[in-house]
Amino acid sequence: MRKLLLLLLLLLLSSTAVHAAPVRLFIAGDSTAAEYGPERAPQAGWGQALQSYLDPARFEVRNHAKGGRSTRSFIDEGRLDAIAAELRRGDVLLIQFGHNDAKFEDRTRYTDPDSDYPRMLMRYVQVARDKGATPVLITPVARLLYDFGSLLDTHARYTLAMQQLATREHVALIDLNDRSMRWIRALGEQGARPYFLFVPEQHKADGTHFSVAGANAVACLVLREAVQALPALQPALVRDIDCDVMGVGQGGDPARASQVVHEDTLARAQPGPHGGAGPTTAYPLFADAQGLPFVLRKRVLHKGAGIGLHPQHKDEIYYIVSGQGSYVLDGKQHDVRAGHALLTRKGSSHALQQVGEEDLVVLLAYPRN
């Protein structure tokens, strides 16, 4: 009986360990992080996108961010007290303010960046520490605001004040202001607009708040930095966070620059390759790009055209974009159509023939060497 009780106790302890409660990740912030319902679509805050990146069994996001709040008004309205009532040891508190702290005309929200702002931020940090939670400061996210071709930094003094506080008090810091400015510059002024609330049909031209796409992108930027300070986040990720932007532009040799081309300028009429019958049109995409390790080609096999039987000296992929064809691989015939992907390995032989009335459009990819 004693052994049975001991076994049951061990099983209970094991079950408790396996089903440990998730770490709660609290957000204290303003409208850029807040959550919005469908009636506000497409507006979204980065805080409401955060959970989509994290396994809810490991991390549970509790978003307390509220539009229009500063470090001061968030406290005065009792919102920090509400977080403190829930916080427990092991939780995380993300703290992002600055947009509304700069509203000098509103004394209920304004904080001086050299005095009130760091003092208020320290209250959030202390609440987290008193509860055994981890505070993480986040500099205010950038606005999409250009002046004569240059992106303006509208939060410089607040960013600096938060950075200084983080250094002085040994608090983890995510410099979202810097990361988001790099991100916007990489997109460019026009390329960044779909990520913000530029919605003509709603008469909105808002470079502060995000669309759903922007909320997801900024949440990714936050987590990209957060995993450095909170390593436990890494195994909890359920989406990639490969969203870092270190610089803008390739520079150097123009032949190695990134580029956009249109196939209409590349079209070349050719007979069927490898002894194939009939006319084809070839599109040598990025044929002049130096250092590219692969070749990408589009070929249109017009009625009656084909690629003749030939041995493969390198791996090659055909993707059928549209039309129908007869594909022979190592003596076996396959009927192929749009959506089929054909992998031919080095040492095999293959041929492709257009079938029916519609052109057969094929995308080809293979190693350059």
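The values are calculated or read from the model by the stated rules, or taken from the named source; none is laboratory data. Everything numeric in this text was worked out from a predicted model, so none of it was measured. Here the Cβ positions follow ideal geometry from the backbone for every residue, glycine too, while neighbour counts run over all protein chains shown. Heads up: the accessible areas ignore ligands, DNA and RNA and are worked out on the full protein's heavy atoms, side chains in. Shrake-Rupley method; radii C 1.70, N 1.55, O 1.52, S 1.80 Å.
Annotation: extensible slack from Ser150 through Ala229 equals 25.3 nm (criterion: 0.36 nm per residue apart, minus Cα-Cα distance). Exposure check, 1.4 Å probe, all protein chains in place: Tyr53 carries approximately 10 Å² of accessible surface.
Counting only Cβ charges, +1 for Lys and Arg and -1 for Asp and Glu, the dipole size of the stretch 205-326 around its Cα centre is about 540 debye.
Angle of helix 156-169 to the longest C-alpha principal axis of the chain, folded into 0 to 90 degrees and rounded to 10: 70°.
Mean sequence separation of contacting Cα pairs (under 8 Å, at least six apart), scaled by the length of the chain, corresponds to a relative contact order of 12 percent. Rounded to two decimals, the Cα-based Rg/Rh of the chain, with Kirkwood Rh, is 1.14.
Between Leu292 and Arg89, the modelled labels are 5.8 nm apart [label points 7 Å from Cα along Cα→Cβ]. Which residue, Val238, Val227, Val295, has the most motion in a Gaussian network model of the chain that connects Cα atoms within less than 10 Å? Of Val238, Val227, Val295, the Gaussian network model singles out Val295 as fluctuating most. Distance between the modelled labels on Asp55 and Gln333, one decimal in nanometres: 5.0 nm (7 Å Cα→Cβ projection).
FRET efficiency for the pair Gln126 and Asp175, taken as 1/(1 + (r/R0)^6) with r the Cβ-Cβ distance and R0 = 22 Å, rounds to 0.50. If I compute solvent accessible area with a 1.4 Å probe over the protein chains, what percent of it on the stretch 251-352 is carbon and sulfur? In the stretch 251-352, the share of accessible area belonging to carbon and sulfur is 55 percent. Distance from the alpha carbon centroid of the stretch 192-212 to that of the stretch 314-369 works out to 43 angstrom. For the chain, the solvent-accessible area works out to 52 Å² per residue, with a probe of 1.4 Å and every protein chain left in place. Placing Arg256, Arg72 in order of accessible area, with the largest value first and a 1.4 Å probe, yields Arg256, Arg72. Look at the alpha carbon pairs under 8 Å that are at least 6 residues apart: their mean separation over the length of the stretch 139-273 gives a relative contact order of 21 percent.
Nearest 5 percent is fine: what portion of the DSSP beta bridges confined to the chain is antiparallel?
Working: 52 of 69 bridges.
If we restrict to bridges inside the chain, about 75 percent are antiparallel.
What's the longest uninterrupted piece of the chain once you rule out the GluC sites (Glu not before Pro) that are loop residues per DSSP with at most 10 other Cβ within 10 Å? Maximal segment without exposed cleavage sites: 106-356. If R0 is 25 Å, the Cβ-Cβ spacing of Arg256 and Glu189 corresponds to a FRET efficiency of close to 0.50.
When the alpha-carbon atoms of the stretch 230-369 are used, the pair Rg, Dmax equals 19.1, 62 angstrom. The C-alpha atoms of the chain define a longest principal axis, and helix 116-130 lies at about 90 degrees to it.
Determine the dipole magnitude for the chain: charges of +1 sit on the beta-carbon of Lys and Arg, -1 on that of Asp and Glu, nothing else is charged, the reference point is the Cα centre, and the result goes in debye to the nearest 20.
That gives a dipole near 1060 debye.
In whole percents, the pair-distance distribution calculated for the stretch 156-277 from its alpha-carbon pairs, binned every 5 Å from zero, is 2, 8, 12, 14, 14, 14, 11, 7, 5, 4, 4, 2, 1, 1, 0, 0.
Solvent-free Debye calculation, one equal scatterer per alpha-carbon of the stretch 79-178: log10 I(q)/I(0) at 0.15 Å⁻¹ equals -0.63.
Determine the sum of side-chain charges near Ile174: Lys and Arg each +1, Asp and Glu each -1, restricted to other residues whose C-beta is under 10 angstrom from that of Ile174. Mind dumping the intermediate values first?
Details: positive: Arg179, Arg224; negative: Asp175, Asp178, Glu225.
That works out to -1.
Relative to the dominant Cα principal axis of the chain, helix 176-187 is inclined by about 20°.
Could you tell me what percent of the accessible area of the stretch 144-196 is made up of carbon and sulfur, with a 1.4 Å probe and every protein chain present?
Details: 1370 of 2760 Å².
Answer for the stretch 144-196 is 50 percent, counting heavy atoms of protein chains only.
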